[in-house]
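Single-structure report; data block below.
The values are calculated or read from the model by the stated rules, or taken from the named source; none is laboratory data. Just so we're clear, the structure is a prediction, and the values are computed from it rather than from any experiment. Every residue, glycine as well, gets a Cβ built from its backbone with ideal geometry; the counts of neighbours run over all protein chains shown.
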Amino acid sequence: MTENVGVDLGGWLRANQVSPGDLAGIVVEPDGSVAVAVPGGALATTPGQLLPADREIRPRWAVWSQETARALVAGGVRLTTCWDVAAVHRLLSGGWRADPAFAWACLHGVPADQIPSPASGQPDLFSFADEQQAPALGAAEALQAAELQRAALAAGNDRGIAVATARSESTVELLAAELAADGLPMNRAAIEGLLADIVGLRPRGPGDAAEIRAARDERVLRHAPSGVIADLRSNGQVRTLLAAAGIDVPDTRAWRLEEFKDKSPLVAALLEWRKAERIATTYGYAWLDEALGPDDRLRGAWTGCDGAAGRMTASSGLHNMPAVLRRAVIAEPGHLFVRADLGQIEPRVLAAVSGDAALAAAATADDMYLPVAAQLSVDRPTAKVAMIAAMYGQTTGHGGNAARRMRSAYPIAMGYLDDADRSAQAGQDLRTYGGRLIRMSGGAGAAEAESAGARTGRGRYGRNAVIQGAAAELFKMWAVTVRARAAPLGARIVLCLHDELLVHVPEDRAAQAAELVGDCLAETARRWAPGGPVRFIADITTVRCWADAKG
DNA sequence: GATTTCACGTA
DNA sequence: CGTACGTGAAATCC
């Protein structure tokens, strides 16, 4: 590779005829320098050179994985778009494993157990020597794009949406790296006040902590039959305790205890105890010390997709923080949140991916369960349950009037779900609308002596995955669109929650940002479901505190 | 000490 | 009214 650290990267890209959207491979070396490669050659440069080149030329930077973005973001470099080989590999091949050697081997049809080690130096596989990685990136993208289109065609999907999805799934990895670096604004006084109310003040030491715990336990145990004591953290002992109070249950899950709550003060106290104990153990002071930075930002690791249907994941409780704690998620001084969530996303996605014109017509309503209910001649709650049961696979009350009418009113949509269910039951892989492979083979698959339960379980999974997965693809395309358009306003996405975006924005730009978030959804919907047959809607509010947005 | 099970929070 | 995820503590396995 040419050593040309001093050369102007933008000029070099121009000289190599790189236009906006053209690929340029980049690898961050262990020493922090950056290797850039385009079809015409390669260049050693610095992270600082990437930013002006990104603004000036706007290539699509090809990277191996989110690691590159994490390294660059740490140095203040945020790229506009990318092609992430690992993200696209997960889309193409399903599952989670996506290291360069594995992705490369899959593209070349090399079986997983025959992947050469980096040291073996097979000439037909790319070398893992650092200076070879950047040139290899361009080749990987070309192979992946071709493979995506082939796979989409084979699955009867639109080829254009497959490549567009690969791009947004890639750029979401940039967003994920930024979410991890930026964190979620949280007001320290507010969260400590909430915790004090729920689990008490921060313990002064181990003895104090034990006392607080014992006091919390006592508020349950004082309702126990006299003489009976139990460790509330042991489910077996809780069951015995409940039995002593005349309550016989097979397990002690909350939903099972719900019916005894009104009659038994013991059960009521236990359920309250569980809530407090959850916050004390998982979302308590240890959590704050671990995840809340000195800058009052709550940070966790983010992935652009999980290994199943492709939703984003986050650690540090960012995706499962109890709703009461949202009260402490407060915008920084001079800032506001724009909170936006997609309304009835799953039935709308079903209408779009199945191409059911009747269901698409229902989606023109703000509340699409109203026209569906009218169509089925049932009330709204019944229509909603029937729709959700069709998408997620009911286990009880198979059939029923509403379900039968749903089949005759929306045969295309129901047929789409049934196809997914049947394929999954048979152990055949599925592809989402955007082209993500949902693996059904490989595991316990089409074994001979397989239980009926295992088959119906797979059917439910497949039925759900094509909807949940496609919804995730639409959501992420929306998110990267917002990320790009909001940046000039100084607005940043600080949380992605499956169908909800939280954007942190300077106060004087909040109204603009809120309008932009809605515009981005319209733009995304046009690109995602061309012809605009299905209406997608978002509830968008501007708030200082996350809890102030209606939930 | 590592893995599995239970439980529960979010969508 | 099902799926998915991350988490912590107890139970269980080795």
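A:ARG327 fulfils the conditions (1) charged (D, E, K, R); (2) in a strand (DSSP E or B); (3) surrounded by fewer than 21 Cβ atoms within 10 Å (Cβ to Cβ) except for a single criterion, (2).
Within region A:229-259, the residues that satisfy the criterion of being within 15 Å of A:TRP273 (Cα to Cα), away from DNA strand C (no atom under 13 Å from the Cβ) and not charged (D, E, K, R) are A:LEU242, A:LEU257. Remark: A:GLU218 falls outside the filter, which requires a residue to be part of a helix (DSSP H, G or I), in contact (Cβ under 8 Å) with a residue 60 or more places away in the chain and among the acidic types (Asp, Glu).
Tell me which residues, restricted to region A:301-341, are within 10 Å of DNA strand B (Cβ to nearest atom) and over 17 Å from the mean Cα position of the chain (by Cα). Within region A:301-341, A:PRO322, A:ALA323, A:VAL324, A:LEU325, A:ARG326 meet the criteria. All of (1) away from DNA strand C (no atom under 13 Å from the Cβ); (2) in contact with a strand residue (DSSP E or B) (Cβ under 6 Å, 6 or more places away or on another chain); (3) over 22 Å from A:ARG159 (Cβ atoms) hold for A:SER423 with one exception: (3). Residues in region A:452-465 include none that are in contact with a Leu (Cβ under 8 Å, 6 or more places away or on another chain), within 16 Å of DNA strand B (Cβ to nearest atom), modelled with pLDDT of 95 or more and within 30 Å of A:ARG339 (Cβ to Cβ). Does A:LEU257 meet the test of being within 13 Å of DNA strand B (Cβ to nearest atom), surrounded by 19 or more Cβ atoms within 10 Å (Cβ to Cβ) and modelled with pLDDT of 90 or more? So A:LEU257 fits the description; yes.
Among the residues that make up region A:46-67, is at least one of them of a type in the set (Ser, Thr, Tyr), closer than 30 Å to A:ALA152 by Cα, at pLDDT 95 or above and surrounded by fewer than 22 Cβ atoms within 10 Å (Cβ to Cβ)? No, that holds for no residue.
If you go through region A:480-497 and keep only what is part of a helix (DSSP H, G or I) and surrounded by fewer than 20 Cβ atoms within 10 Å (Cβ to Cβ), you end up with A:ALA484, A:ARG485, A:ALA487, A:PRO488, A:LEU489.
The residues of region A:25-38 that are free of Cβ contacts under 8 Å to residues at least 40 places away in the same chain and buried (at least 16 other Cβ atoms within 10 Å of the Cβ) amount to a single one, A:VAL34. So the check is Cβ under 6 Å with 6+ separation or different chains; which pairs have a first residue in region A:490-515 that's free of Cβ contacts under 8 Å to residues at least 40 places away in the same chain and a second one that's part of a strand (DSSP E or B) and surrounded by fewer than 24 Cβ atoms within 10 Å (Cβ to Cβ)? Between residues of region A:490-515 that are free of Cβ contacts under 8 Å to residues at least 40 places away in the same chain and residues that are part of a strand (DSSP E or B) and surrounded by fewer than 24 Cβ atoms within 10 Å (Cβ to Cβ), the close pairs are A:GLY490/A:PRO506.
Can you name the residue in region A:296-308 that is under 13 Å from A:GLU169 (Cα atoms) and more than 6 Å from DNA strand C (Cβ to nearest atom) and, of all such residues, is surrounded by the most Cβ atoms within 10 Å (Cβ to Cβ)? Across region A:296-308, the extreme among qualifying residues is A:GLY304. Annotation note: Cβ proximity below 9 Å between a residue of region A:311-323 that is in a helix (DSSP H, G or I) and a residue that is near DNA strand B (Cβ under 10 Å from one of its atoms) and small (Gly, Ala, Ser) (sequence gap 6+ or interchain) occurs for A:ALA323/A:GLY551. Could you tell me whether A:ARG485 is out of contact with any strand residue (DSSP E or B) (no Cβ under 9 Å at 6 or more places or on another chain), outside the structural domain of A:GLY393 (by TED's automatic domain parsing), farther than 16 Å from A:ALA180 by Cα and not acidic (Asp, Glu)? So A:ARG485 fits the description; yes. Output the number of residues of region A:283-295 satisfying the condition of being touching a residue at least 12 places away in the same chain (Cβ under 8 Å) and surrounded by fewer than 16 Cβ atoms within 10 Å (Cβ to Cβ). Residues in region A:283-295 being touching a residue at least 12 places away in the same chain (Cβ under 8 Å) and surrounded by fewer than 16 Cβ atoms within 10 Å (Cβ to Cβ): 3 in total.
No other residue among A:THR240, A:THR171 is of a type in the set (S, T, N, Q) and under 37 Å from the mean Cα position of the chain (by Cα) apart from A:THR171. Summed over region A:275-300, the residues that are part of a loop (DSSP other than H, G, I, E, B) and either of a type in the set (D, E, K, R) or within 11 Å of DNA strand B (Cβ to nearest atom) (or both) give a count of 4. Under the condition of being near DNA strand C (Cβ under 9 Å from one of its atoms) and hydrophobic (A, V, I, L, M, F, W, C), the residues counted in region A:313-336 number 2. What do you reckon, is A:ALA71 surrounded by 22 or more Cβ atoms within 10 Å (Cβ to Cβ), modelled with pLDDT of 95 or more and of a type in the set (Gly, Ala, Ser)? Judged against the criteria, A:ALA71 is not a match. Quick check on A:GLY435: is it out of contact with any Leu (no Cβ under 7 Å at 6 or more places or on another chain) and more than 14 Å from DNA strand C (Cβ to nearest atom)? No; evaluated as a whole, the condition is false for this residue. For the residues A:GLU141, A:GLU211, A:GLU169, A:GLU178, the requirement of being in a helix (DSSP H, G or I) and in contact with a Cys (Cβ under 7 Å, 6 or more places away or on another chain) singles out A:GLU169.
When residues in region A:39-78 are screened for being more than 26 Å from A:ASP306 (Cα to Cα), without any contact (Cβ under 8 Å) to a residue 40 or more places away in the chain and among the acidic types (Asp, Glu), 1 of them pass. All of A:ALA538, A:ALA549, A:ALA529 fail the test of being crowded, with 16+ Cβ neighbours inside 10 Å, on the phi < 0 side of the Ramachandran plot, within 16 Å of DNA strand B (Cβ to nearest atom) and at pLDDT below 95, apart from A:ALA549.
Restricted to region A:342-401, the set of helices (runs of 4 or more DSSP H) holding at least 2 residues that are under 21 Å from A:ARG458 (Cα atoms) and more than 16 Å from DNA strand B (Cβ to nearest atom) comprises A:345-354, A:380-392. Being in contact with a Phe, Trp or Tyr (Cβ under 7 Å, 6 or more places away or on another chain) and among the charged types (D, E, K, R) holds for only one residue in A:ARG311, A:ARG327, A:ARG297, A:ARG348, and it is A:ARG348.
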